[in-house]
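The values are calculated or read from the model by the stated rules, or taken from the named source; none is laboratory data. Fair warning: this is a prediction, and the values are worked out from it, not measured in the lab. All Cβ positions, glycine included, derive from the backbone under ideal geometry; neighbour counts span all protein chains shown. Surface areas here come from the heavy atoms of the whole protein model, side chains and all, with no ligands, DNA or RNA. Shrake-Rupley method; radii C 1.70, N 1.55, O 1.52, S 1.80 Å.
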Amino acid sequence: MSHETLQLIWFVLIAVLWIGYFVLEGFDFGVGMLLRIVGKNEAERRAIITTLGPLWDGNEVWLLVAGGATFAAFPEWYATLFSGFYLPLLLILVALIIRGVAFEYRSKHGNATWRGRWDWAIAIGSFLPALLWGVAFANIVRGVPLAKSSAGHIEYVGGFFNLLNPYALLGGVVTLTLFLTHGAIFLSLKTDGVIRERAHALVGKIGLVAAVAAVAFLLWTQLAYSEKAWTWIPILLAAAAWLSGLAADRAGRDGWAFVFSSITMGLAVISLFGVLYPNVMPNIDRALVGLDIHNASSTEYTLKVMTIVAVIFTPIVLVYQTWTYWIFRKRMTAEQIPSPESGTLGLPESAKETAG
Amino acid sequence: MNALDLARWQFGITTVYHFLFVPITLGLGFLVAGLQTAWYRTNKDEYLRATKFFGKLFLINFAMGVVTGIVQEFQFGMNWSSYSRFVGDIFGAPLAIEGLLAFFLESTFLGMWIFGWDRLPKKIHLASIWLAAIGTMLSAYFILAANSFMQHPVGYVYNPETGRAELTSIVAVLTQKTATTTFFHTMSSGFLVSGALVAGVSAWLLMRGNSVEVVRPTLKLGLVTTLVASVLVFISGDMQSRVMVQQQPMKMAAAEAQFDTTTNASFSIFTIGSLDGSKPLVQIRIPNLLSIMATGSASGSVEGINDIQAQYEQKYGPGSYKPVIPVAYWTFRLMIGFGALAGVFALWALWATRKGRTPKSKWFTRAALVIPLFPLVGISMGWLFTELARQPWIVFGLMRTESGVSPAVSSTEVLISLVVLTLLYAVLAVVEVGLLAKAIKLGPPENVVVHDDAAPGNERVLTFSY
């Protein structure tokens with residue numbers, strides 16, 4: 001395989017990793033944000049978090065592998081992007097830290113204040129990345145101010161506030177609302193009783209907001225930043241898939257609703273990567289120097305090694321991760337949650353008074 | 001402080017912090033898997049309760065390792081973009097492979113293990129903790145192979161056209177001696193701290209009479225693990241020092257504050273005098289030991305700092321190639337000392353608890369509580385030593401640390417992230433230690449029931465949920 005082919009393959013593979021990430025951690029983020037809204041009491045909230053329990057960490061690994069793959073396959077992209085988008089990435093890191101710890105630690109203590117704080121940690125820790133990934137991707141597609149440094153490297157020179165332009169903020173609203181809806185659909189699929197009813201009721205409302213935002217965003221993307229006609233196809237298919245998902249939800253077909261909203265995530269990522277290609281980080285002024293899959297990439301040898309590893313191990317990962325989803329396919333209800341005492345370390349509040 | 005210093009402080013703080021949780025994950029995962037295997041084979045309730053108890057400690061610790069690990073992957077690009085550009089062709093590959101082979105494995109199967117008690121057949125549930133533990137071990141291997149490239153670059157060629165190091169042999173990167181001996185040393189020290197943790201916690205509960213039937217066997221498991229691991233740490237450390245003398249002689253010389261090349265070099269236990277050991281007042285030395293450590297022979301010649309400095313000036317041009325000598329000297333000693341104390345405790349405790357005895361000494365209980373911290377301090381010292389005594393290099397012989405920093409990031413930005421992450425980590429440390437203390441005080445659970453007959457449509461109350 002030629003170097004050019006390998007570069008294309010890795011561009012596609014990184015898109016695939018982001019598709020996996022948006023589909024999987026997308027609903028994680030949505031569920032996290034909805035935790036306090038859909039879960040009205042302790043048992044309901046525990047049921048909601050338990051739907052994510054065995055899955056969230058594996059979902060997040062898609063991000064880590066996407067980051068690692070970018071480092072390995074396009075080191076220049078990794079270096080310019082991560083040092084350039086410094087503060088937003090710091091916010092994302094803080095959010096992912098408090099959120100991950102919150103899942104594991106929340107129910108280890110019976111105290112209501114303790115749990116309330118971790119609930120907020122989950123909600124905020126889900127909200128920030130859900131918004132910021134959209135802002136980040138929109139900025140990449142739009143292009144950012146880049147300049148060649150004295151060392152000959154292409155560095156980001158835009159500063160923090162440059163990232164907060166209208167197009168990027170709309171992108172943030174799109175991922176935020178898409179993930180919220182995706183999470184509500186996941187909850188309708190994975191819970192029963194009141195939780196399911198409340199989640200189900202939210203899907204239609206947030207889903208329509210998401211539809212308007214996403215259509216506006218994708219049209220803006222296609223008209224302002226795409227030089228290709230074919231990117232209309234994934235954009236139109238994304239819109240169709242989203243509406244099908246909402247329709248399936250209305251018809252009470254939770255499974256199909258989830259399949260369609262997942263497909264929408266995939267098509268949205270395909271649209272963005274399609275518009276981007278062959279660039280990976282274009283200059284806002286297209287006449288000036290930017291990063292593309294050729295000048296940002298690793299050597300042919302490294303890409304070859306990575307391709308062999310990916311071809312062997314990706315299918316294995318997909319098999320066992322799918323299997324986890326199958327094992328934990330059952331719907332969760334608040335009634336299945338054990339009394340607060342079990343699984344926690346602290347005494348439940350009622351017992352605390354007497355125990356002193 | 002400029003952006004470079006701040007970025008170095010951030011890397012030091014976040015990495016040492018991350019690596020407080022990692023060695024416990026590396027060892028304790030296997031110990032919990034071992035306990036569960038014992039339960040699976042014997043069906044003895046004590047082993048099940050021990051599995052649940054130490055499993056809980058494992059999970060509290062694991063969560064911190066995971067979330068602080070994300071920072072590690074991001075900060076290469078965020079703070080060290082020039083480094084990332086220079087070595088990305090080589091360094092990125094093990095990182096990506098780590099994610100694909102190790103992170104998916106450990107996270108997926110740990111999730112299966114936590115929530116699978118009631119839903120999986122016993123055998124598959126047991127396999128899931130083993131797979132998660134193997135995942136953590138694989139992860140250690142790949143990241144240590146990447147770090148070893150920074151200590152001793154192999155399998156690459158410098159390309160003047162692109163101005164970067166480029167990979168020529170992934171096999172060389174993954175199998176070089178630096179990587180294999182470091183992996184051996186890291187795994188052994190992971191078992192050392194985990195063994196000490198299991199032993200310390202068990203001893204403390206034993207003295208309080210809490211679940212004696214559960215913690216007596218785990219005390220023995222912990223002590224034997226600690227003892228065996230301390231021997232392995234010693235052997236692997238010895239192997240590493242031989243490799244180090246060949247590859248990074250300056251590091252070994254700095255570890256010993258050995259300024260002049262000598263044969264029959266003695267090893268200094270400690271020195272009082274000038275901080276860098278150049279003008280000793282009082283010191284204790286073991287004759288010939290340094291020569292033996294470095295070369296395997298008592299009369300072997302060990303190069304001194306001044307001679308290596310002169311060689312490097314010729315090779316790499318003018319400038320200082322000395323790390324901060326007192327830091328290298330003391331971290332090296334403290335690493336060995338703290339690690340060895342855990343082994344000594346294990347010997348004492350095995351003697352004190354022989355044939356079912358329960359030690360009476362108050363000192364035993366006190367030692368049991370602090371002893372797990374000793375190898376943890378030793379490990380931190382070891383990392384500080386190996387990274388700081390490599391300075392001024394970020395990649396030995398190829399790139400200096402000051403050339404690796406991100407030019408696009410201002411010192412204000414680095415300061416913000418340094419402060420934010422440090423404060424967040426401090427708060428989380430308090431939370432984590434509080435939870436561990438609570439879990440330990442509570443001791444192993446009573447009356448654990450495991451159903452493995454989960455039929456579809458079975459709406460039974462879960463035995464575990466978040």
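Remarks
- Stretch in chain B that is longest and holds no GluC sites (Glu not before Pro) that DSSP places in a loop and that have at most 12 other beta carbons within 10 Å: B:162-445
- Chain A: angle of helix A:300-327 to the longest principal axis, Cα-based, in degrees nearest 10: 20
- Model label sites at A:Lys330 and A:Asn295, defined 7 Å from Cα along the beta-carbon direction, differ in position by 5.8 nm.
- Nearest-ten-degree value, helix A:254-276 long axis tilted from longest Cα axis of chain A: 20
- Amide H to amide H distances under 5 Å link A:Val280 with A:Leu291, A:Asp292, A:Ile293, where only residues 5 or more positions off or on other chains count and H is placed in the peptide plane.
- For B:Phe267, residues with placed amide H under 5 Å, excluding near neighbours: B:Ile286, B:Asn288, B:Leu289, B:Leu290
- Summed buried accessible surface, chains A and B, 1.4 Å probe, nearest 100 Å²: 7200
- P(r) of the protein assembly as shown over all Cα-Cα pairs, binned every 10 Å from zero, in whole percent: 2, 13, 22, 24, 20, 12, 5, 1, 0
- Dimensions of chain B based on its C-alpha atoms, expressed as ranges along the principal axes with the largest first, amount to 73, 51, 40 Å.
- Taking a sphere under 12 Å around the Cβ of B:Leu436 and counting the other residues whose Cβ falls inside, with K and R at +1 and D and E at -1, yields a net charge of +3.
- For chain B, complete DSSP H runs whose alpha carbons reach 18 Å or more along their own long axis and whose mean Kyte-Doolittle score is -0.5 or higher are B:3-42, B:45-79, B:81-97, B:122-151, B:177-207, B:212-247, B:325-352, B:373-388, B:411-442.
- Counted charge near A:Thr221, where neighbours are those whose Cβ lies closer than 13 Å (Asp, Glu -1; Lys, Arg +1): +1
- The distance linking the range A:148-226 with the range A:5-67 is 14 Å (Cα centroid to Cα centroid, whole angstrom).
- For the range B:3-98, Kirkwood radius (reciprocal of mean inverse C-alpha pair distance, Å): 15.7
- Expressed as a whole percent, the proportion of Cα-Cα pairs in the range B:52-156 lying more than 16 Å apart is 63%.
- The range B:10-42-the range B:184-202 distance, computed between alpha-carbon centres (Å): 8
- Sequence-ordered 3J(HN,Hα) estimates for the range A:41-49 from the Karplus curve with 6.51, -1.76 and 1.60 and θ = phi - 60° stand at 10, 4, 5, 5, 5, 5, 5, 5, 5 Hz, glycine and proline given as x.
- The Cβ shell under 15 Å around A:Arg250 holds other residues with a net charge of 0, Lys and Arg each +1, Asp and Glu each -1.
- When Rg and the Kirkwood radius Rh are both evaluated on Cα atoms of the range B:384-453, their ratio Rg/Rh stands at 1.30.
- Unsatisfied cross-links (Cα-Cα over 23 Å) in the set B:Lys56/B:Lys362; B:Lys44/B:Lys362; A:Lys108/B:Lys52; B:Lys52/B:Lys441; B:Lys122/B:Lys438; A:Lys330/B:Lys438: B:Lys56/B:Lys362; B:Lys44/B:Lys362; B:Lys122/B:Lys438; A:Lys330/B:Lys438
- Of the trypsin sites (Lys or Arg not before Pro) found in the range B:359-415, those that fall in a DSSP loop while having at most 16 other beta-carbon atoms within 10 Å are B:Lys360.
- Residues A:Leu236 and B:Val344, FRET efficiency given R0 of 56 Å [Cβ-Cβ distance, rounded to 0.05]: 0.20
- Amide H to amide H distances under 5 Å link B:Trp393 with B:Thr401, where only residues 5 or more positions off or on other chains count and H is placed in the peptide plane.
- Mean separation of Cα contacts under 8 Å, 6 or more apart, over the residue count of chain A: relative contact order %: 27
- Rounded to the nearest Hz, the phi-derived 3J(HN,Hα) couplings of the range A:64-74 under the Karplus curve 6.51 cos²θ - 1.76 cosθ + 1.60 (θ = phi - 60°) are 5, 6, 4, x, x, 5, 5, 4, 6, 8, 9, where x marks glycine and proline.
- For B:Lys177, a cut-off of 16 angstrom between C-alpha atoms picks up these aspartates and glutamates, skipping any fewer than 8 places away in its own chain: B:Asp238.
- Rough spin-label spacing in nm, given labels placed 7 Å along Cα→Cβ, for B:Thr262 and B:Ser410: 5.3
- Panel note: the C-alpha atoms of the range B:249-322, placed on their principal axes, show extents of 36, 29, 14 Å (largest first).
- For chain B, adding -39500 (n - 2.57) for each run of n ≥ 4 DSSP H residues and dividing by the number of residues yields -24000 deg cm²/dmol at 222 nm.
- For chain A, the longest principal axis of the alpha carbon atoms and the long axis of helix A:86-105 meet at an angle near 30°.
- A simple rule links phi to the HN-Hα coupling: the Karplus curve 6.51 cos²θ - 1.76 cosθ + 1.60 with θ = phi - 60°, which for the range A:111-127 gives 5, 5, 5, 3, 5, x, 5, 5, 4, 5, 4, 5, 5, 5, x, 8, 5 Hz, with x for Gly and Pro.
- Solvent-accessible area per residue in chain B equals 39 Å², computed with a 1.4 angstrom probe and all protein chains kept.
- In a fully extended conformation the segment linking B:Lys122 and B:Val231 would gain 35.8 nm over its present Cα-Cα distance, using 0.36 nm per residue.
- B:Ile269-B:Val430 pseudo-label distance in nm [points 7 Å out on the Cα-to-Cβ vector]: 4.1
- Helix-only arithmetic for chain A: the sum of -39500 (n - 2.57) across DSSP H runs with n ≥ 4, divided by the residue total, places the mean residue ellipticity at 222 nm at -25500 deg cm²/dmol.
- Chain A: translational diffusion in µm²/s, Stokes-Einstein, Kirkwood Rh over Cα pairs, 25 °C, 0.890 mPa s: 115
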